[in-house]
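Visitor: Mind looking over this structure? Questions follow.
What follows is calculated from the coordinates using simple rules that are stated; it is not laboratory data. Please read all numbers here as calculations on a predicted model, not as lab measurements. No Cβ is skipped: glycine too gets one built from the backbone with ideal geometry, and neighbour counts run over all protein chains shown.
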Amino acid sequence: MRQSFLGLFTALSFIAFAGTSHAQLGKAASEATDAAEHKIDQKRAESEAKKSGPVGKAVNNVKSSYHKNRSESSATKAKNALKGKD
């Protein structure tokens with residue numbers, strides 16, 4: 001009887017652990033996707049800044065800076081999700 005409870009407890013622990021790790025991987029993948037999208041938007045804003053006049057350059061440089069910060073933040077969140085930190 002004791003062995004069956006121990007076996008059941010062990011099985012449930014593995015299932016709970018698998019669910020947690022799956023959720024962490026999902027969050028990490030989501031954050032990594034966000035980081036990549038922001039990096040693309042950053043590069044697009046930098047490219048547009050080169051082609052723009054003075055006001056357009058200022059606007060696109062601000063956009064580029066914003067997307068750079070968001071990309072770095074998302075990348076950090078993805079790394080922390082893989083490490084199990086929230």
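Visitor: Which of the residue pairs Lys63/Lys83; Lys57/Lys79; Lys27/Lys50; Lys39/Lys77 have a Cα-Cα distance greater than 26 Å in the structure shown?
Guide: Details: Lys63/Lys83 30 Å; Lys57/Lys79 33 Å; Lys27/Lys50 35 Å; Lys39/Lys77 15 Å.
Exceeds cut-off: Lys63/Lys83; Lys57/Lys79; Lys27/Lys50.
Visitor: For the range 73-81, what does the Karplus curve 6.51 cos²θ - 1.76 cosθ + 1.60, with θ = phi - 60°, yield as ³J(HN,Hα) per residue in whole Hz, taken in order and with x for Gly and Pro?
Guide: Working through the residues one at a time gives 5, 5, 5, 5, 4, 5, 5, 5, 5 Hz.
Visitor: While we're looking at this one, here's another question. What order do you get for 22-34, 49-61 when each peptide is scored by the mean count of other beta carbon atoms within 10 Å, highest first?
Guide: Values: 22-34: 14.4, 49-61: 12.2.
The peptides rank, most packed first, as 22-34, 49-61.
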